[in-house]
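Worksheet for the structure shown next.
The values are calculated or read from the model by the stated rules, or taken from the named source; none is laboratory data. All values reported here derive from a predicted model rather than from experimental measurement. Methodologically, a virtual Cβ is constructed for each residue, glycine included, from the backbone with ideal geometry; neighbour enumeration extends over all protein chains shown.
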Amino acid sequence: MDPKAFRRVLGLFATGVTVVAAQHEDEIHGMTANAVTSVSLDPLLVLVCVGKHARMNQFIQGAGGFSINVLAEDQEPLSRYFSGAWPHQAPPEFRFVPWPGGPRLVGALAAMGCVVDRRVEAGDHSIVLGRVVALHEDGQHPRPLLFYGGRYRRLTEAEPPTAPPEQWPDDTVQIYHAEWSAGEPRPPQPDGGLP
């Protein structure tokens, strides 16, 4: 199987965009991720997939916890910055605050603080299961940043459904009823009736 085709097909699954952050000693490291999934309600578990050679892998190991920060639609620059695709020398403005599990990104649409529950090695990635210990919602940002088909997208309202077709007048609908028993000749059907 072609890895590029695999990525292209998976790219047709629209996702939100997050910044996963961990603090080890005095250093905070962030990583853009959309391979984030809820796992369990009892206990509260989520997972994030981290490349085995990514710096974040060592940070999460050292920290023992991490945060998952869901980006709002106006935070695309942060996604680009934390993915290593920021084209400018100066970083965009951002700020982390101390929080249970891992540092919380100020202004994110929502956040989950997690402690590492376990790790599962899977191919070239580590699946990190996090037990959720803190939740945050920011009511000022109602719309998430989305990723689909290799591009950032914005959530828009669905078009309202079209008006239903004009109702048939009552006199165009006729119901026919005839009694018929097996073995008897079938009664004639009215024009347009079902056979």
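List the residue pairs whose Cβ atoms are under 6 Å apart, where the first residue sits in region 1-16 and is closer than 25 Å to Q75 by Cβ, the second is assigned to a loop (DSSP other than H, G, I, E, B), and the two are 6 or more positions apart or on different chains.
Sorted first by the residue in region 1-16, then by its partner, the pairs are G11/G149; G11/G150; T15/N34.
So which helices (runs of 4 or more DSSP H) stay within region 1-91 end to end and still have 1 or more residues that are under 19 Å from E137 (Cα atoms), of a type in the set (D, E) and touching a strand residue (DSSP E or B) at 6+ places or on another chain (Cβ under 9 Å)?
Filter on region 1-91 gives 76-82.
For region 18-32, which positions are buried (at least 22 other Cβ atoms within 10 Å of the Cβ) and not polar (S, T, N, Q)?
V19, V20, A21, A22, G30, M31
Quick test of your reading of the structure: L45 fulfils all but one of (1) more than 17 Å from the chain's Cα centre (by Cα); (2) surrounded by fewer than 19 Cβ atoms within 10 Å (Cβ to Cβ); (3) farther than 19 Å from R151 by Cβ; (4) not small (G, A, S). Name the failing condition by number.
(1)
Suppose the filter is farther than 30 Å from A5 by Cβ, free of Cβ contacts under 8 Å to residues at least 60 places away in the same chain, touching a Pro at 6+ places or on another chain (Cβ under 8 Å) and surrounded by 17 or more Cβ atoms within 10 Å (Cβ to Cβ); does G101 pass it?
Spelling it out, it is not the case that G101 is farther than 30 Å from A5 by Cβ, free of Cβ contacts under 8 Å to residues at least 60 places away in the same chain, touching a Pro at 6+ places or on another chain (Cβ under 8 Å) and surrounded by 17 or more Cβ atoms within 10 Å (Cβ to Cβ).
Please specify each residue of region 107-133 satisfying the condition of being more than 20 Å from the chain's Cα centre (by Cα) and part of a loop (DSSP other than H, G, I, E, B).
Hits for region 107-133 are G123, D124.
Could you grab the pairs with beta carbons closer than 8 Å, sequence gap of 6+ or different chains, first residue in region 108-135 and at pLDDT below 95, second one among the aromatic types (F, W, Y) and outside any strand (DSSP E or B)?
none
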